[in-house]
Amino acid sequence: MKSVTVQIPSREELGKILKDSKRIAVVGLSDNPERTSYMVSEAMQKAGYEIIPVNPLVDEVLGVKAVKSLTDVEGHVDIVNVFRRSEHLLDVAKEFLEIDADIYWAQLGLINEEAYELLASKGYTVVMDRCIKVEHALTK
């Protein structure tokens, strides 16, 4: 298999994405306040973003009813923020294609070249190995 270079948008581009986006579907959002996904999503919610929890194992997170999968989200999604291990990113990318969201964003430490190539080859903006909360703080 050929090696793929994951191209991350510049900090300026990330700032524009975050400025233009309002709805974030968070795949793997935990209802445990100790988990990174919870802390990051809570900060983004407080910053004014609509957070949609996507996790089949919880009913509600941050006061919002959770959905089982991305295809259960009603309405348009600006950013799909993924908190799943790297080996799950390709499956999430395939589901992402079904809902035609704008941005696929895998959190800090997460990279999957197959998922990147699948989405980038179709013209989607893909962010990997970046924390959305950190980027938001740096680009305000």
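See the values below:
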| item | result |
| --- | --- |
| Any helices (runs of 4 or more DSSP H) falling wholly within the range 72-140 and containing at least 1 residues that are closer than 16 Å to residue 9 by Cα and modelled with pLDDT of 95 or more | 113-120, 132-139 |
| Residue selected from the range 105-133 under the condition out of contact with any strand residue (DSSP E or B) (no Cβ under 8 Å at 6 or more places or on another chain) and basic (Lys, Arg), by the criterion surrounded by the fewest Cβ atoms within 10 Å (Cβ to Cβ) | 122 |
| Qualifying residue in the range 100-109 (condition: closer than 19 Å to residue 41 by Cα and among the acidic types (Asp, Glu)) | yes |
| The range 23-62, residues that are surrounded by fewer than 22 Cβ atoms within 10 Å (Cβ to Cβ), in contact (Cβ under 8 Å) with a residue 60 or more places away in the chain and β-branched (Val, Ile, Thr) | 36 |
| Odd one out for residue 65, checked against (1) touching a residue at least 24 places away in the same chain (Cβ under 8 Å); (2) on the phi < 0 side of the Ramachandran plot; (3) surrounded by fewer than 13 Cβ atoms within 10 Å (Cβ to Cβ) | (1) |
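The values are calculated or read from the model by the stated rules, or taken from the named source; none is laboratory data. Source: prediction; values computed, not measured. Every residue, glycine as well, gets a Cβ built from its backbone with ideal geometry; the counts of neighbours run over all protein chains shown.
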